[in-house]
Each structure stands twice: as C-alpha cells, then as structure tokens.
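Heads up, the thing below is written out as structure tokens.
Read-outs throughout are calculated quantities, based only on the coordinates presented, and are distinct from any laboratory measurement. In this text, all values refer to a predicted model and were calculated from it rather than measured experimentally. All Cβ positions, even for glycine, are placed from backbone atoms using ideal geometry, and neighbour counts span all protein chains on display.
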Amino acid sequence: MKKAVLFCLAIVFLIASSKAQTANFREVIYLKNGSVLKGTLTEWVPDESLSIRLSDSSLFVVKIADILKVTREFIADASKPAKGKTAVLNANGFESNISGGYGVASGKYGLDILCFNWVFGKNLNTHHFVGMGTGLRYMEEVDMTMVPILLDWRYRITEQSVSPYVRLSAGYSLNVSNGLENSGFLVDPRIGVDFQVGVTRCSFDMGYQTQQTAFWVIKDPLSAPYLSKVYRFSEALKFSFGISF
C-alpha cells in the first residue's frame, strides 16, 4: 500500500511539473513487457491508467498494473549547438563570400597579382557549397586588370566551429585593360580554415592560381617581326582572407 501511494504521488508530481518543463524534459514509462514509451504525460487515472503523448503526437494509454517504473530524462535544447559544434552559417541556405588576397609570382611566366573575389551560392549541406561569382585581378608589372567569371565549390571537412576546407574556383577572365584581347582561363585551387565570428564566418586560405594570358616573346632578334605573341599560364602562390554572410 505504501509503495502504491508513493507511486501515485510521483505520477502527480511528474504531470504537474511537466507543464512548465516540457521543452527540456520528457517522461519515460518502462513497461513490464520490456517496452519503453517516451513523451509527455497527459492524464493519470488513479490505480487505473496513464496517458502519454509521444513526439509523433500519437497517444498511448497504459494500465498501471503493466508499468514497471516511470522516470524523467533531460532533452538537450536543439536551438543550442552541442559542445564543440557550431550552427553552421546558412547550413542549408544561400551565402555570400567576399575575399581579398595577394599572389606572389611563381614559375617562368609568373606575375605578382592582387586579387578580389565575390561569390554567391548555396550551401547544399554543412559540408558542400557551390556558387558563382566575379571579382578583379590586377597585375602591376604589366598594368593589366582582369575580371573573372567564376564557378566556385567548397568542401568543409568537419562541422566544428573551426574547420579546415578545400576550395576550387575556375572560370574565364576578361582583360578589361586591353579590349578583352588577352582574356583567358583561370584555375584557383585553395586549402584553408574557417571559423565562426558572431553571425559571420571568417576564412584564411592559400592556393596556386594559374591565369592564362598573352605574352610577347623574342622570336629572332635578327628578323622581323622579332616579337611573337604566345598564350601561357601565369602562376602565383596566393594567400587570401575572406568573410561569409
């Protein structure tokens, strides 16, 4: 008899307190047949039955005689990221990325280059991003400005608040300094790391950009014309900083 009274008091307490705490707790009913029901208690009929509503809104009514025990368990707040995780910015939505950097000449046809990118696209999930963009490429040595039309793909390796990533931008650059004459293909692979800062994400990366353009080379100093135009890829080791929002 004493055990039955204590059991009833416990049920009353669970039902009363669940009204104020359903967002953080749920009741768990263990049945003698081994079944487990988790949800919110909605009704208690003394010495007869308990009613519990599950997360899928289904309602179960179980007899008191079939219950082994009733407990309460904590539910982590889904609106807060788990420790070590981050609510990835626009994890399944659209994202803009602005970045700027500088490339140091590399290879035979290398040129120092000042870079600016703007990319807009969609996060397919917490790892994959695809988008399109444009920007500016300025090569001071030859006083040439190019405007690239880019396709962009990024893969974030983890879902941590700080995550390494790989990125590839590729497309075609228009030479706006010389009537589009020396336009050419652009390939810009990079590796980097990004991290959450408030409602934005910041990133640092490095890569090896190659830009196709025309060069004048000496063909034969003793004959005319002794200059010949050839298309080659200008290479640069590039470092950049970006912000996503």
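Things worth noting here:
- Per-peptide average of other Cβ atoms within 10 Å, ordering 103-114, 35-46 highest first: 103-114, 35-46
- Integer Hz, Karplus 6.51/-1.76/1.60 couplings in order for segment 186-198, x for Gly and Pro: 10, 10, 9, x, 8, 10, x, 9, 10, 8, 7, 9, x
- 5 angstrom amide H check on Leu111, placed H, neighbours 5+ away: Ser106, Glu235
- Within the shell of other residues whose beta carbon sits under 12 angstrom from the beta carbon of Leu111, the net charge comes to -1, with Lys and Arg scored +1 and Asp and Glu -1.
- Amide H contacts under 5 Å for Phe25, placed H, 5+ residues apart: Ile75
- For Ser49, the residues 5 or more places off, or on other chains, whose built amide H falls under 5 Å of its own are Ile64.
- Residues in segment 167-179 carry Karplus couplings, in order, of 9, 9, 10, 8, x, 9, 9, 9, 7, 7, 8, 9, x Hz; the curve used is 6.51 cos²θ - 1.76 cosθ + 1.60 with θ = phi - 60°, and Gly or Pro positions show x.
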